[in-house]
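Asker: I have a structure here, written as structure tokens, and I will follow up with some questions on it.
The values are calculated or read from the model by the stated rules, or taken from the named source; none is laboratory data. On a predicted model such as this, the values are computed, not experimentally measured, just so you know. For neighbour counting, all protein chains shown are included, and Cβ atoms are generated from backbone atoms with ideal geometry for every residue, glycine included. Side chains are part of the model used for accessible areas, which takes the heavy atoms of the whole protein and leaves out ligands, DNA and RNA. Shrake-Rupley method; radii C 1.70, N 1.55, O 1.52, S 1.80 Å.
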Amino acid sequence: MATPDAGTGRRCDTRSPMSLPPAELAARFDLRHLDAAFYDNPFPTLRALREHEPVKRMPDGSVFLTRYADIVAVYKDPKTFSSDKREEFGPKYGDSALFEHHTTSLVFNDPPLHTRVRRLIAGALTPKHIAAMEDGLVRLVDGLLDAMQGRAERGETIDLIESFAGAIPVEIIGNLLGVPHDERGPMRGWSLAILGALEPVLSAELEGRGNAAVRDMLAYLEGLVERRRAAPGDPESDVLTRLIQGDVGEAGTERLLAKELLHNCIFLLNAGHETTTNLIGNGLKCLLDWPQQKALLLAQPELIRTAIEEFLRIESSNQLGNRITTCATEIGGVVLGPRTLVTLCIAAANRDPAQFADPDRLDITRSPNRHVAFGSGIHQCVGMGLGRLEGRVAIGRFLARFPDYRLVGPAQRSQRVRFRGHVSLPCELI
Ligand code: HEM
């Protein structure tokens with residue numbers, strides 16, 4: 001397996017995290033019982049699955065897909081592979097705030113609710129709207145860089161997640177929904193708690209935190225919506241005003257129900273948050289692991305666009321997607337019955353050698369790079385233009401300011417299987 005060059009320019013072999021032969025590694029894989037090493041480095045296991053059991057039947061009857069072609073085929077056929085999560089989340093969450101939240105979000109619904117909400121959100125995230133956010137984003141990033149520089153000059157170690165990667169998306173999404181600055185404090189914690197409850201195995205603690213976060217966020221948003229109804233913003237750019245005012249459809253103006261409005265605001269706040277933090281954190285960590293690629297980016301800053309795509313591919317922020325079959329079907333030569341739960345492993349698809357040459361190697365010039373880090377088909381990420389912009393501005397400007405940054409403590413990964421990122425990257429900024 002190719003691994004970072006550790007400054008030598010050579011690629012070297014590392015020990016497999018699990019010393020089992022690949023066929024046995026694939027045979028034993030169970031998403032609900034993962035080895036601690038998997039969280040650190042899932043890629044040897046994902047490769048073993050792709051090569052030996054690309055349509056892997058789990059003990060619970062669901063299937064786990066690892067081939068790029070199979071995953072894209074599922075994304076492109078939403079009638080056969082539904083995003084409706086009521087059947088899956090009923091037993092998982094019971095009659096709870098988490099159940100109501102996730103089953104009302106556009107991402108976990110099929111048309112027509114999905115189409116109505118998506119149209120409203122997409123209208124405020126066009127390339128024109130995103131370009132208009134760039135100046136504010138640059139100011140935000142430069143302000144964070146200034147603050148970090150001041151602390152670095154006083155000899156402090158800087159955690160790049162806490163002080164940088166984690167601090168950007170919450171402000172950007174806060175702006176999108178017009179959340180007043182002094183009310184943004186709890187947003188990151190709520191978001192982490194709600195998304196944490198999407199992990200394949202749900203502990204009582206994760207469940208309790210997730211439910212409390214949905215309830216707190218609903219209470220907060222009810223007040224915010226009331227204030228916005230009284231003083232609407234510009235529906236051209238203010239997503240919350242757009243969601244409140246609705247859209248003119250075939251049957252006249254279509255408005256979201258109160259519950260739909262609130263839960264989709266929560267989803268929007270969450271969707272653009274941890275994913276983008278992970279993109280920035282993973283990108284900065286990749287550059288430390290592959291110093292020759294970092295040198296190349298420093299020499300040719302215009303490569304930042306293809307570099308962002310490569311970070312998204314090789315360390316995908318969101319590693320798993322889910323669907324359920326609506327009828328008997330077949331994928332990758334395997335017959336699936338109706339109501340089969342299907343897990344799409346984005347992380348595995350993005351390192352499939354049938355699609356990407358030398359897939360375990362970071363190549364910031366890679367082109368074409370048709371990764372599925374943003375999904376594909378009717379649910380493809382509606383905020384991908386914004387996520388990419390945040391990545392470009394944050395990583396590009398960070399590197400220009402601190403070209404010789406280096407880790408001075410352990411890079412701690414978040415122990416999550418759905419979202420891949422770090423909780424801490426302690427660095428010296430030079
Ligand atoms: C690097 C950053 C991001 C990544 C990797 C990412 C990833 C994804 C993925 C994989 C999906 C598809 C889910 C599925 O089909 O099951 C998705 C959907 C979505 N994302 Fe993102 N996302 C990112 C940033 C954002 C941002 C910044 C926003 C909002 C401003 C956003 C809003 C959404 C929404 C609303 C959906 C649901 C779309 C639908 O169901 O039609 N995302 N995202």
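Asker: For Ile430, are the conditions met, namely being of a type in the set (Val, Ile, Thr) and over 18 Å from the mean Cα position of the chain (by Cα)?
Answerer: Yes; evaluated as a whole, the condition is true for this residue.
Asker: So, of the residues in the range 385-422 that are aliphatic (A, V, I, L, M) and surrounded by fewer than 17 Cβ atoms within 10 Å (Cβ to Cβ), which turns out to be farthest from Ala348 (Cα to Cα)?
Answerer: Residue satisfying both the conditions and the ranking: Ala400.
Asker: Here is a further query. Just to be sure before I move on: is Lys128 surrounded by fewer than 21 Cβ atoms within 10 Å (Cβ to Cβ), in a helix (DSSP H, G or I) and away from the ligand (no atom under 14 Å from the Cβ) in the structure I sent?
Answerer: In short, yes.
Asker: Got at least one residue in the range 150-166 being in contact (Cβ under 8 Å) with a residue 60 or more places away in the chain, assigned to a helix (DSSP H, G or I), among the acidic types (Asp, Glu) and out of contact with any Leu (no Cβ under 7 Å at 6 or more places or on another chain)?
Answerer: Yes, the range 150-166 has at least one match.
Asker: For the range 378-412, enumerate the residues that are within 16 Å of the ligand (Cβ to nearest atom) and either among the β-branched types (Val, Ile, Thr) or in contact with a strand residue (DSSP E or B) (Cβ under 9 Å, 6 or more places away or on another chain) (or both).
Answerer: Matches in the range 378-412: Ile378, His379, Cys381, Val382, Val393, Ile395.
Asker: Helices (runs of 4 or more DSSP H) wholly in the range 280-371 with at least 3 residues that are away from the ligand (no atom under 16 Å from the Cβ), at pLDDT 95 or above and open to solvent by 50 Å² or more (accessible area, probe 1.4 Å) - which ones?
Answerer: 291-299
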